[in-house]
1. Summarise the long-distance tail of P(r) for the chain by giving the % of C-alpha pairs beyond 33 Å.
2. List the aspartates and glutamates whose Cα lies under 18 Å from the Cα of K66, skipping any in the same chain that are fewer than 8 positions away.
3. Rounded, prolate or oblate: which one fits segment 41-153, using the alpha carbon gyration tensor with axes a ≥ b ≥ c (rounded when a/c is under 1.5, else prolate when a/b beats b/c, else oblate)?
4. Rounded to the nearest 0.05, what FRET efficiency do K28 and V131 give with R0 = 30 Å and r taken as the Cβ-Cβ distance? Could you check?
5. Translational diffusion coefficient, Stokes-Einstein: compute it for segment 157-289 using the Kirkwood radius over C-alpha pairs as Rh, at 4 °C and 1.567 mPa s, and state it as an integer in µm² s⁻¹.
6. Using Cα-Cα distances under 8 Å and only pairs 6 or more residues apart, what relative contact order does the chain have, in percent?
7. Quick one: order L235, L289, L60 by neighbouring beta-carbon count within 10 Å, fewest to most.
8. How high is the FRET efficiency from N261 to A228, r the C-beta distance, R0 45 Å, rounded to 0.05?
Amino acid sequence: MVKLLFTAMRPHQWIKNLFVFAALIFAKKMIYPGKVIIVTIGFIMFCFVSSSIYMINDILDFNEDKKHPVKRNRPIASGKLSKSAAIVAAVFLALVSFSGAFYLNYYFGIILSLYFLMNIAYSLSLKHKVVIDVIVIALGFVLRVLGGAAVIEVSTSTWLILCTLFASLFFGFCKRRHELVFMESSATGHRKVLEEYSPAFLDQMISVVSALTIMSYALYTVSSETIAKFGTGNLIYTVPFVIYGIFRYFYLVYKKELGGNPTRIILKDKSIITVVFFWMVTCCYIIYL
């Protein structure tokens with residue numbers, strides 16, 4: 001039972017909550033152990049609330065997930081984990097996350113609550129609205145960044161928010177394209193909103209948001225605000241890492257027909273792991289040293 005509950009929590013998806021650390025790094029607060037501990041607790045609260053949402057979503061999507069070649073193996077969809085046990089676990093995780101969040105910081109608690117409510121609205125209705133479904137997912141990442149800033153009481157750069165939004169939209173549209181192509185004729189049976197999408201339409205959306213991601217990050221590195229904050233314009237030298245990362249993901253989506261699970265791709269593709277590592281090391285070196 002415990003193993004099934006843990007699997008239903010989708011721990012491999014917790015990597016998404018690392019966006020909570022963005023403000024800590026780019027606000028030059030990573031050298032303060034107290035701040036790191038607070039953000040780490042905030043990260044855990046986001047993991048709990050997101051796992052609660054995953055369980056609720058799996059319960060609501062029970063019939064649809066049974067038709068999916070991969071999702072039908074999930075604990076709830078396969079019937080190995082009862083819906084009642086999942087509901088109890090989801091409520092418990094949500095209550096723990098809300099209590100911890102408001103204890104840490106009032107505004108962090110508000111942001112976490114908004115994240116929860118937005119995702120519940122997504123599960124109930126918004127996931128059936130074309131384009132809005134992907135925007136809601138992207139806003140979830142923005143809320144993670146804002147939550148990380150709120151918990152340590154620092155302001156968030158508008159450029160950082162834009163970069164997060166555009167990058168999230170990029171991954172979201174890539175995921176929809178993979179679902180549409182991979183599932184083919186049964187795609188709409190699994191996710192109704194896919195009836196409103198087409199590969200050509202999604203290709204255009206992916207091209208637009210990928211360009212916006214690269215440009216917004218490039219402009220962030222050379223903005224007067226960034227140069228004044230870090231005392232250097234050298235952050236521009238991290239742009240090639242972002243460009244390669246986006247293009248590598250393009251390659252995996254279009255040539256390897258991946259993209260259905262961005263988290264798994266990022267965790268398994270050695271090239272993306274390598275470029276993310278060197279991007280982080282270079283950013284920290286420029287910002288702190």
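1. Considering the chain, 23 percent of its Cα-Cα pairs are separated by more than 33 Å.
2. D58, E179, E184
3. oblate
4. Efficiency for this residue pair is about 0.25.
5. Roughly 81 µm²/s, to the nearest whole number.
6. Computed value for the chain: 18 percent relative contact order.
7. Least to most surrounded, the residues fall as L289, L60, L235.
8. Computed FRET efficiency for N261 and A228: 0.70.
Each value in this text was obtained by applying a stated rule to the coordinates, not by laboratory testing. None of these values were measured; they are calculated from a predicted model. Glycine also receives a Cβ, built like all others from the backbone with ideal geometry; neighbour counts cover every protein chain displayed.
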